[in-house]
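Written below as structure tokens is the structure these notes are about.
Each value in this text was obtained by applying a stated rule to the coordinates, not by laboratory testing. Keep in mind the model is a prediction, meaning the values are calculated, not measured. All Cβ positions, even for glycine, are placed from backbone atoms using ideal geometry, and neighbour counts span all protein chains on display.
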Amino acid sequence: MTCSFFFRIVLIFQHRRLLLALSESPPAPQNIHVDNWLLTWTPASEGDTTYTVQYSRFNNRKWTNVSSCVHISSNSCNVTSTKAEAEHGCVRLRVRAERRGLPSPPVEACSRHGDTCTPDLSLMPGPGSLTVYLTMNHSLAQEYGRHAKYRVYYGKEGEPLLKYEDAEASVTISELQEGQRYCVQVQYRYFKSSIGLPTCTQCELIPESKKDSNQTVILVVGPIMVPVLLIPLIAYFLICKSERIKQWLRPPYELPEDFLESFPEHHLPISSSSPTEECWDVISSISPQE
């Protein structure tokens, strides 16, 4: 009983220590982007937080510290030196905050401008869809052919961009909710590896379909216009075309050929004898009266 009680006390103490450590961890850096090889981010509010910048070479998953940007207190770092460390100068960058020896989760950087390592894109929203225009003739495609592709991440604004499509050029994302804002981020891919910096997130509002708007107008105006049009039309036919309407309503009448045969002979209303012929004298000539 004593050992079990002691074991529970140790577990509770370790659990509280872990919660305390997590609460002291600094928040992850935000708004990390590169502009002309100058990496900047939004600093934390605490003054004792430092930052470390790391990079990953092309087709390599290992992250290495940028020597000039380890445990720095500023919110920017010149990463020009990393360009010479990778093939085609394509590297991925990320920043991690640290406070009292406790690191935050690292956050990858994006690029606001397209270059040889970052796609250049433009967006065109449509009813229920969003077209991402991308060029097929980029430098990596010339080097690696169809093995170099785009990975287009997308999702609703404010939500993680978990969905994606791989394409060699422009792509249209369909079945999007109209009236909602959708965001896109694009990055080069070579086989299963990410290449270079992704584009910074761009968002567009998906417009509503004109067809739906027209249907709404029809549903609203239709019940009002139908009586307005029908009442004068009915009145016209009743007043001006009454004789014609009577003719249309008069049923066709025609005796069948076997109508008389259906009656017995003694009930026939029409006599079968022929009418008596009258005799007439033929006048051969006429003489004038004297």
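Fully extended, how many nm does the chain gain between ALA169 and ALA28 (0.36 nm per residue separation, minus their Cα-Cα distance)?
47.4 nm
Take every Cα-Cα distance within segment 25-111, group them into 10 Å bins from 0 onward, and report for each bin the whole-number percent of pairs it holds.
Over segment 25-111, the share of Cα pairs per 10 Å bin runs 19, 54, 24, 3 percent.
Suppose every Lys and Arg Cβ carries +1 and every Asp and Glu Cβ carries -1, with no other charges. What dipole size does segment 25-111 come out with about its Cα centre, to the nearest 20 debye?
Once rounded to the nearest 20, the dipole reads 260 debye.
May I ask you to compute the full-extension gain from SER81 to ASN137, defined as 0.36 nm times their residue separation minus their alpha-carbon distance, rounded to one decimal in nm?
17.4 nm
Would you please give the FRET efficiency between GLN177 and THR201, computed as 1/(1 + (r/R0)^6) with r the Cβ-Cβ distance and R0 = 22 Å, to the nearest 0.05?
After rounding to 0.05, the efficiency reads 0.75.
Return the loop-located chymotrypsin sites (Phe, Trp or Tyr not before Pro) in segment 168-197 (DSSP other than H, G, I, E, B) with at most 10 other Cβ atoms within 10 Å of their own Cβ; answer none if there are none.
PHE191
So for segment 121-205, what percent of the C-alpha to C-alpha distances run longer than 15 Å?
55 percent
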